[in-house]
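Data first, discussion second: the structure below is written as structure tokens.
Any read-out appearing in this document is the output of simple, stated calculations on the displayed coordinates, not a laboratory observation. All figures in this text were calculated on a predicted structure; none of them were measured in a lab. Here Cβ is always computed from backbone atoms with ideal geometry, including for glycine, and neighbour counts include all displayed protein chains.
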Amino acid sequence: MKIPAFRSSLIAAAVIGALSLSAASFAQDASRPAPVDQPYPGTLAVKVDLTDAAKRIFRVHETIPVKSGPFTLLYPEWIPGEHAPSGPIQNVAGLIITANGKQLPWRRDLRDMFAINLDVPAGVSQLDVSFQFLSPAPGQGSLFGASASSTPNFVDVEFNQVAFYPAGHYSSQIHIQPTVELPQGWKFGTALQVESQAGNAITFKPVTFNNFVDSPLIAGTHFDRVDLAPGAKVPVHLNVVGDAANDVKLTTKQLDEQRSMVKQTGLLFGSHHYDHYDFLLTLSDHTGHFGLEHHQSSDDRLPADFFTNDDMHTLAASLMTHEYVHSWNGKFRQSGRFVDAQLQREGTGRPAVGVRGPHRLLVQRAHRALGPVDTGAIPRCHGQHGRGDERAHRSRLAFAAGHRRRRAADLLRRWRLGQLAPRHRFLSGRPVAVAGRGYQDPRTQRRQAFAG
């Protein structure tokens, strides 16, 4: 009889402990200030040392203006464009927080693993935060920017990986000034604007934290930069890094095609909402392969032979067009629920089905500038590109060229007038109200919306 009694006491103790921990975590979370749409006092500064990028180690030092009292630091969780809570906090190591030369104790939030809680002592006006980001090796990591991003020849930096920010304010109301130190002789590309450069250290102009996260950087020893809109008032450039020097060079034909695509996209939308645009193209067999849209740039990663293999170029050439069009459709024009006060909620990353559907049609219009597609030249699709064999891929192309083309002009007109937003607000699996139709299942909504 002693054994069951002992087990009962263990269960009771476990339940009491769990309830106590839960109560403490709820109390701690309740103390976090709700974000306000007001400027954060002072400007954050972050220096990212990439001189050990070949070892996949990014060294970070960040300064954050503060006031005394309870304080919470957040690490970006929901990353724009990735559609998931994919912030790679598991790759953050060696976090040390100091103030006035003294190390401060901190504790990870008991409910939110992306939050760090601490008490700022009286008389302290600035925190110094130091840590390392351990970039994944090939075959490790997660999706998008959390996949392998660094080799001895280049590095891709998603800035959400290398900065914390204070809770309590909209990320668009927090300003930060970034500095990046590169290995000797490396060149770089980013949508951030350079303020000064001393040797291998580049200091960029201050930006809001949400724009900082939205402005990745590529750098490497094999680097090329070409003008895709020569003579235009709004500059567009293609920045390329790769495994080898010959991998990053475009042929004259490829350059003309990319310039034509940029021109065609400008004619398609009839306006530019950005000050400048930078394609950030990584060509390597040692990184993840994907495209990620941003407001004034795109993070595009493709195999090393993208420019040197005609079949690969035919297969993957639409990726850059796809992400470029997202600058208008999904960045410039987006549902209000895309815009989150902080980078910690689902609304920041969820894709809108209504954005994705018309987006395909817009991409097809812009992509025509690259010339007619010879479907017979397209090889079988395997791996992450594969959704079937060659016959299925040709069928999809024929469908896109026929059925969808008939609605492209009407969808573009409605996009320009802002008429797509109310009818294409499918941001979750929950039934939502559609004007004149009441509450309906999302699948029904999609069928009716795209039926015209």
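Some values worked out for this structure:
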| read-out | value |
| --- | --- |
| FRET efficiency estimate (nearest 0.05) - Cβ-Cβ, residue 38 to residue 249, R0 45 angstrom | 0.40 |
| In segment 186-293, trypsin sites (Lys or Arg not before Pro) in a DSSP loop with at most 14 other beta-carbon atoms within 10 Å | 233 |
| Residue-span extension gain [residue 310 to residue 181] - 0.36 nm each, minus C-alpha spacing | 42.8 nm |
| Coil-residue chymotrypsin sites (Phe, Trp or Tyr not before Pro) of segment 147-203, DSSP, other Cβ within 10 Å capped at 11 | none |
| Rounded to whole Hz, the Karplus (6.51, -1.76, 1.60) HN-Hα couplings of segment 41-47, x for glycine and proline | x, x, 10, 6, 9, 9, 10 |
| Distance histogram for segment 128-242 (every C-alpha pair counted, 5 angstrom bins, percent rounded to whole numbers) | 2, 10, 17, 21, 22, 16, 8, 3, 1 |
| Segment 78-139: trypsin sites (Lys or Arg not before Pro) falling in loop per DSSP and having at most 16 other Cβ within 10 Å | 111 |
| Along each principal axis, Cα extent of segment 35-192, largest first, Å | 46, 34, 29 |
| Ranked 213, 234, criterion: other C-beta atoms within 10 Å, fewest first | 234, 213 |
| For segment 227-294: relative contact order, % (alpha-carbon pairs under 8 angstrom, 6 or more apart) | 46 percent |
| Residue pairs, from the table 233/263; 55/102; 55/187; 47/205; 205/263; 263/331, whose Cα atoms sit over 21 Å apart | 55/102; 205/263 |
| Sequence of 181, 195 once ranked by neighbouring C-beta atoms within 10 Å, starting from the fewest | 195, 181 |
| Segment 169-233: projected area of the alpha-carbon convex hull, averaged over directions, in nm² | 5.6 nm² |
| Full-stretch length increase - residue 61, residue 275 - with 0.36 nm per residue and alpha-carbon distance subtracted | 74.1 nm |
